[in-house]
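Shown next, in structure tokens, is the structure this report addresses.
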Amino acid sequence: MGPTRRNPGGGAASAAWELLLPAASAPARTRGRSLQAALREAVRSGRLAPGTRLPSSRDLAADLGVSRGLVTEAYEQLTAEGYLRSGRGAGTWVGAAVRAARPRAHDLAPRSPGARADFVPGTPDLALFPRAAWAAAQRAVLAGLPHRELGYPDPRGLPGLRTALAELLARRRGVVADPERLVVVSGVAQATALLGFALHARGMRTVGVEDPGSPQHDALYAAAGVAAVPLPLDDEGVALEPLRASGVRAVVVTPAHQFPTGIACSARRRAELLDWARSVDGIVLEDDYDGDFRYDRAPVGALQGLDPDRVAYTGSVSKSLAPGLRLGWLLVPDSWTEEVVERKRTMDLGHPALDQAVFARFLERGDYDRQLRRCQRAYRERRDALVAALDAHFPGAEVSGIAAGLHVIVTLPGRYGPEERFLTRMAEAGVAVRPLSAYAHPPTGPAAAGEVRLVLGYAHVPPARIAGGVRLMAQAAAG
């Protein structure tokens, strides 16, 4: 039977009774701890303000219907912790040391601003995530995973996952994949950080990056003490003369489908890049961020397959499953393996074992191949829908880059410029777009005059909404 409320002797007593009543109704074995926690939270939140005099232990115990010993113990514990203060014959008071407010969790995840049409690149369709197949893999893994597998894993990753990944990458991307040189990472971002630390340890303080290119590379390498050196592109990939003149011994490339220009690195340029790396005793860092998605032909194999001793290869499931899984891989040359693995060990003691085991089963049962085929069909349909909508609503627009990936480059005729005015009109209409200039190193402002060049993402937008979004763009551009 719960406590019977009596008439409290004053405001503080009444407040204390209201705040502590649920704790007083807790089961007997946990009542003392519940009373202490409720009183502690009341002080932290400010509901019992500093300087408030609390009822005597006898009065509060009678008011709550609990033993006086529980209240005395609670007062003593919180006095020892600094939440309360007391003096012989002076009563018990709320201390003045507490300044903590009730904690609030803020979501700092990047979110769409609620645009009417969103063509910002880089996001897959998260609705395509195979929930049923993933849940089945989780259940099977939890039912059969040996207890020992829940300990600290090999920092490279579970052997079963590395073996399955090596088979997948060799089969689909033409990679020379030794499971002993494969490291499971928290996405390409962690792979980049690991490579940055390895470069720094070898005395390399600069790394070449494609310009335009991924805006994340600069900050990730800078955190490892390595400065990014922008390198221009030509029609075949990274331009060779600027690369040779830069003095760098490491360069980051996206040869299967350059981000954001959509260039596919030519066979000649691939050979030239590897010749350059050998001549400077350097390394090529290959980011194969969307290499599985080619729509006009079979995907071109990874650069790493041509010279695994001069190319470090990285990829992830961020475009094929979901970026929130934080699952990726890094395949390094043999001479780099030990230092990369040791850095991974000190960074996080290894990737979560359960996640690895689930992904390994997903690979082994063919679920990942089925997911890739599903995404391939969906994204090809959406690219076709975007190209058709641009042709219908922006006469003279030119789509460039190979038919691959999750975005296109579109160049609008000069009549739609200047670019700054175009972007302003898009923002006012609630259309989220990114200009190509946003991916320069460092980012530049919109072009003052001439044609408008945009990087339009389509993978996350259903075909019907693609058509409506492009129509809205055209209406906004017309003023």
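The values are calculated or read from the model by the stated rules, or taken from the named source; none is laboratory data. In this text the structure is predicted, and so the values were computed from the model without any measurement. Positions of Cβ are backbone-derived with ideal geometry, glycine not excepted, and every protein chain shown enters the neighbour counts. These area figures cover heavy atoms from the full protein model, side chains too; ligands, DNA and RNA do not enter into them. Shrake-Rupley method; radii C 1.70, N 1.55, O 1.52, S 1.80 Å.
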- Item | For GLY237, residues with placed amide H under 5 Å, excluding near neighbours | none
- Query: To the nearest Å, what is the center-to-center distance of segment 381-428 and segment 116-165, using C-alpha atoms only?
  - Reply: 35
- Kirkwood calc, segment 135-210, C-alpha pairs only, radius in angstrom 15.0
- Query: Which value, in debye to the nearest 20, describes the size of the charge dipole of segment 55-150 about its Cα centre when Lys and Arg Cβ atoms bear +1, Asp and Glu Cβ atoms bear -1, and nothing else is charged?
  - Reply: 100
- Once both label points are put 7 Å beyond Cα along the C-beta direction, the GLU41-TYR295 separation in nm becomes 5.2
- Message: Between GLU236 and LEU126, what is 0.36 nm times their sequence separation minus the Cα-Cα distance? Round to one decimal in nm.
- Response: 36.4 nm
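In Å², what does the accessible area per residue of the chain work out to with a 1.4 Å probe?
In whole numbers, the chain has 46 Å² accessible per residue.
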- Which distance in Å, rounded to a whole number, links the C-alpha centroids of segment 275-345 and segment 179-218? 10
- Can you give the direction-averaged projected area of the convex hull of the alpha-carbon atoms in segment 107-152, in nm²? 6.0
- Item | Paired Rg and Dmax values of the chain, which use every Cα atom, in angstrom | 30.0, 90
- Task: Give the carbon-plus-sulfur fraction of the accessible surface of segment 257-382 in %, rounded to a whole number; probe 1.4 Å, heavy atoms of protein chains only.
- Result: 47
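Which length gain, in nm to one decimal place, applies between LEU142 and GLU381 when the Cα-Cα distance is subtracted from 0.36 nm times their residue separation?
82.4 nm
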- If one puts a single equal scatterer on every Cα of segment 387-479 and applies the Debye formula without solvent, what log₁₀ I(q)/I(0) results at q = 0.15 Å⁻¹? -0.54
- Message: If you count only protein heavy atoms and use a 1.4 Å probe, how large is the accessible surface of SER67, to the nearest 10 Å²?
- Response: 60
- Task: Leaving ligands, DNA and RNA out of it, rank ARG33, ARG269, ARG104 by accessible area with a 1.4 Å probe, largest first.
- Result: ARG104, ARG33, ARG269
- Taking one equal scatterer on every alpha-carbon of segment 15-141, how large is log10 of I(q)/I(0) by Debye at q = 0.10, 0.16, 0.22 1/Å? -0.53, -0.77, -1.32
- Message: For the pair ARG99/ARG58, report the inter-label distance in nm, with labels modelled 7 Å from Cα in the Cβ direction.
- Response: 3.9
- Long-range HN-HN contacts of ALA404 with modeled amide H, under 5 Å: TYR295
- Query: In whole percent, how big is the carbon plus sulfur part of the accessible area of segment 63-205, probe 1.4 Å, protein atoms only?
  - Reply: 55
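Once fully extended, how much extra length lies between GLN216 and ARG365, figured as 0.36 nm per residue of separation less the alpha-carbon to alpha-carbon distance?
Value of the extension gain: 50.3 nm.
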- Note on the structure: Projected onto the charge dipole of the chain (unit charges on the beta-carbon of Lys, Arg, Asp and Glu, signs +1, +1, -1, -1), the Cα from PRO463, SER320, GLY51 with the largest positive-side position is that of GLY51
- Query: Between ILE283 and residues 5 or more places away or on another chain, which pairs have amide H atoms under 5 Å apart, with H built 1.01 Å from N, and which residues are they?
  - Reply: ALA250, VAL251
- Item | Label-point separation, ALA245 to ARG111 (7 Å along Cα→Cβ), nm | 4.7
- Message: For the full complex of protein chains and a 1.4 angstrom probe, list SER266, SER56 by accessible area with the highest value first.
- Response: SER56, SER266
- Percent RCO, i.e. relative contact order, over the chain, from Cα pairs under 8 Å lying at least 6 residues apart: 17
- Note on the structure: Note on segment 326-479: contact order normalised by length, alpha-carbon pairs under 8 Å, 6 or more apart, percent, works out to 24
- Item | Within the chain, helix-based [θ] at 222 nm, where runs of 4 or more DSSP H residues each add -39,500 (n - 2.57), nearest 500 | -13500 deg cm²/dmol
- Item | Rounded to the nearest 20 debye, dipole of segment 225-376 from Cβ charges on Lys, Arg, Asp, Glu | 420
- Item | Integer Hz, Karplus 6.51/-1.76/1.60 couplings in order for segment 387-396, x for Gly and Pro | 4, 5, 5, 5, 5, 6, 9, 10, x, x
- What FRET efficiency do you get for GLU18 and ALA478 if R0 is 51 Å and r is their Cβ-Cβ distance, rounded to the nearest 0.05? 0.25
- Expressed as a percent, the portion of alpha-carbon pairs in segment 306-382 spaced more than 16 Å apart is 64
